[in-house]
């Protein structure tokens, strides 16, 4: 084989060390499988084309009319919501441009970092703060959805996400509020 006895012993020792390291690592645990079934449609007004509109705790306040939107690359909160929370002084007043799906541009008031409570998961999120007329108090977009590993279903009006310990938690959309917001 061309290897000396000393080189063979060194290779065997390396393989043994690698094997020991590999077997001492805990097995990777997958998140639970998250899905939706027909029974999840019970209680909904069907058929529908409603957005996911939720109430959720942001910082120390329950905020309603939050659009959970996988199509949004940003989390957004209305300035009035921040003012009602008494957190206006925490806004990093750095104006940025937000461009919507239709190409319209909005200049932000600034940005703010706040905790979002999706029990039992708490995630720190950066929000763009806007002062614009909107039926929504805010948008939780892909940054939040991805951070909590959520799966959304507008059809089922639900957001499900894994929780520590292997379970699944759920946030239900308010279908009536979604319709008021889009009216």
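No value in this document is a laboratory result; all are computed from the given coordinates. Being a predicted model, the structure only gives us computed values, none of them experimental. Every residue, glycine as well, gets a Cβ built from its backbone with ideal geometry; the counts of neighbours run over all protein chains shown.
Can you sort 38, 147, 158 by how many other beta carbons sit within 10 Å, fewest first?
In increasing order of surrounding Cβ atoms, one gets 38, 147, 158.
Which of 96, 142 comes first, and how do the rest follow, when ranked by fewest Cβ neighbours within 10 Å?
96, 142
Simple spin-label model, 7 Å along Cα-to-Cβ: residue 64 to residue 123 in nm?
2.5 nm
Count the DSSP beta bridges whose two residues both fall in the chain, then state the antiparallel fraction as a percent rounded to the nearest 5.
Around 80 percent of the beta bridges assigned by DSSP in the chain are antiparallel ones.
Can you give the relative contact order of the chain as a percent, counting alpha carbon pairs under 8 Å and 6+ residues apart?
Relative contact order here is 27 percent.
Give me the one-decimal Kirkwood hydrodynamic radius in Å for the chain, with the sum taken over alpha-carbon pairs.
Across the chain, the inverse of the average 1/r is 19.3 Å.
Length gain on complete extension for the stretch residue 12 to residue 97, per 0.36 nm per residue less the alpha carbon to alpha carbon distance?
Gain on stretching residue 12 to residue 97: 24.6 nm.
Place a point 7 Å from the Cα of residue 88 along the Cα-to-Cβ direction; which residues of the range 124-158 have their backbone N under 15 Å from it?
Within reach of a label on residue 88: 129-132.
Could you list 89, 4, 108, 126 so that the one with the fewest beta carbons within 10 Å of its beta carbon is first and the one with the most is last?
89, 4, 126, 108
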